[in-house]
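The structure under discussion appears below in the form of structure tokens.
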Amino acid sequence: ELRLVVSSATALMAVRGYASPETERAFARARALCETMPPSAQLHPVLRGLVSYHHVRAELDVAHELGELLLRHAAADPGDRTLATQAHYGHGATLFHQGALEPARSQLEAALAGYDRASHREHVGVYGGYDPGVACSLWLAWTLGLLGRLEEADRRSREGLELACTLGEPFSLAWAHYAMSVSHQLFGDWAASAGASGEAARLAEEHGFPHVRGMALANHGWALVMQGRAGEGIATLRDGAALVDATGAALVRPQYLGMLAAADALQGDAAGAERRFDEALELVERTGERLHEVGLLLGKSQLLVSTEQGARARASARDAAAEGCLRRALRTAREQGALLLELRVALALARHLGQRDRAGEARSLLTAALAPFADAPPVVPEIPAARRLLVKLDGARG
């Protein structure tokens with residue numbers, strides 16, 4: 001029965017969603033069966049599935065605890081390379097969403113170091129989900145990108161997609177295209193993000209993967225918005241976010257709320273946009289999914305300074321609140337070691353300060369944030385934008 005239940009649960013993760021009630025029931029039954037049996041390796045796929053279940057429901061403290069337990073099991077059985085790969089991979093993904101980027105990098109690199117492509121069928125059949133070689137390459141790409149290691153991030157992204165194409169397994173391939181759309185988001189390449197997310201949505205619809213399809217549609221809609229196609233993009237974004245919600249998934253919801261807030265603002269509903277930003281930030285605090293905190297604070301700051309308020313005192317208060325959001329975002333980016341996000345926020349804050357006759361302060365913080373990218377090619381738009389702004393600030397100082 002345990003083997004049958006685990007096989008059913010791994011299939012349900014793909015076709016119903018990681019956080020669906022059917023998936024939860026299957027893993028709960030598997031765990032109950034394990035508790036009636038002596039400790040054995042049969043528990044490992046159940047624990048790994050529960051890590052994914054709680055991870056996708058944004059119950060990150062539980063996923064973290066189970067991930068550490070699985071790592072202890074792996075350490076006690078050093079001959080099981082498949083288990084070790086899955087343990088490092090699952091825990092690395094949780095750490096990433098908690099905003100612990102360096103620990104996440106370490107776990108994901110350990111997973112890839114032990115990954116054997118020949119074990120693909122065992123990974124997918126026993127542990128379920130997408131192939132860990134594909135997943136870890138792309139999760140590591142996101143992590144490295146945020147850490148400012150842009151060339152490595154680009155290489156890892158391409159490796160993950162190439163492996164997915166080589167393996168040809170539909171779930172891994174659909175997810176890989178979705179993940180590439182996220183990588184293109186990080187690099188500010190919205191046309192490429194639209195293309196990758198569109199292909200992910202197509203594959204997910206063809207093979208019946210609702211969670212992947214919802215995430216892909218949300219990203220596709222946002223990429224269209226960022227290319228100036230707001231009408232089409234907002235509708236697609238809302239459809240995708242609703243489809244993700246319908247699967248029971250809560251992971252990445254703060255980011256989707258931020259996207260929807262921006263859509264509200266574009267359609268003239270500034271009050272609704274502010275409510276969504278506040279809801280998303282509260283969700284970050286409640287779930288511990290700190291990955292999205294910087295982006296949400298940056299988005300809220302832009303909303304605050306762009307909203308027409310009329311009364312001077314009220315406008316001044318919103319101006320101060322916007323600067324407060326930016327400074328909190330800068331602290332968070334530094335705490336996470338997210339050099340790319342630090343540069344992004346520093347650029348916004350420097351513009352804010354420069355427009356308020358505080359050019360010296362603006363130049364100081366922007367110089368510090370740009371320093372790690374001194375020799376980097378302009379592969380993200382923030383690098384040339386920061387360089388241009390520094391020239392302008394130097395002129396203002398002169």
Please give the contour-minus-distance gain from Ala75 to Arg202: 0.36 nm per residue of separation, less the Cα-Cα distance, rounded to one decimal in nm.
-> 41.7 nm
Enumerate the calculated ³J(HN,Hα) couplings along region 334-342 in order (Karplus 6.51 cos²θ - 1.76 cosθ + 1.60, θ = phi - 60°), each rounded to whole Hz, writing x wherever the residue is Gly or Pro.
-> 5, 4, 7, x, 8, 4, 5, 5, 4
How much solvent-accessible surface does Phe277 expose, in Å² to the nearest 10, with a 1.4 Å probe and all protein chains in place?
-> 10 Å²
Based on the Cα atoms of the chain, what semi-axes does the equivalent ellipsoid have, where each is the square root of 5 times one gyration tensor eigenvalue, given in whole Å with the largest first?
-> 39, 22, 19
Each residue of region 60-67 in order: what ³J(HN,Hα) in whole Hz does its phi give by Karplus 6.51 cos²θ - 1.76 cosθ + 1.60, θ = phi - 60°, with x for Gly and Pro?
-> 6, 4, 5, 4, 4, 4, 5, x
For the charge dipole of region 1-111, defined by +1 on Lys and Arg C-beta atoms and -1 on Asp and Glu C-beta atoms about the Cα centroid, which residue among Val15, Tyr53, Met37 has the Cα displaced farthest towards the positive pole?
-> Val15
Would you compute, from DSSP H runs of 4+ residues alone, the mean residue ellipticity of the chain at 222 nm, taking -39500 (n - 2.57) per run and dividing by the full residue count, rounded to the nearest 500?
-> -26000 deg cm²/dmol
If amide H atoms are modeled at 1.01 Å from N in the peptide plane, then the residues at a separation of 5 or more from Ala58, or on another chain, having amide H under 5 Å from its own are Ala250, Leu251
Say R0 is 51 Å: what FRET efficiency, to the nearest 0.05, do Arg3 and Leu266 get from their beta-carbon distance?
-> 0.50
Once fully extended, how much extra length lies between Ala317 and Ala374, figured as 0.36 nm per residue of separation less the alpha-carbon to alpha-carbon distance?
-> 16.9 nm
In Å², rounded to a whole number, the accessible area per residue of the chain with probe 1.4 Å is 42 Å²
Simple Cβ-charge dipole of the chain, Lys/Arg +1 and Asp/Glu -1, about Cα centre, in debye nearest 20 | 920 debye
Long-range Cα-Cα pairs in region 316-398 (distance over 22 Å), rounded percent | 22 percent
Accessible area of Leu365 in the full protein assembly, 1.4 Å probe (Å², nearest 10) = 20 Å²
Positive-end residue of Ala385, Leu281, Ala261, charge dipole of region 250-398 with Cβ unit charges = Ala385
If the chain between Gln42 and Gln227 were fully stretched, how many nm would it gain, using 0.36 nm times the residue separation less the Cα-Cα distance?
-> 61.7 nm
Karplus-derived HN-Hα couplings along region 242-251 (A = 6.51, B = -1.76, C = 1.60, θ = phi - 60°), whole Hz, x at Gly and Pro = 5, 5, 4, 4, 5, 7, x, 6, 10, 4
Using a probe of 1.4 angstrom, how much of the accessible area of the chain is carbon and sulfur, in percent?
-> 52 percent
Counting only protein chains, not ligands or nucleic acids, how are Asp319, Asp116 ordered by accessible area (probe 1.4 Å), most first?
-> Asp116, Asp319
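The values are calculated or read from the model by the stated rules, or taken from the named source; none is laboratory data. Source: prediction; values computed, not measured. Neighbour counts run over all protein chains shown; Cβ positions are idealised from the backbone, glycine included. Accessible surface areas use protein heavy atoms only, side chains included; no ligands, DNA or RNA. Shrake-Rupley method; radii C 1.70, N 1.55, O 1.52, S 1.80 Å.
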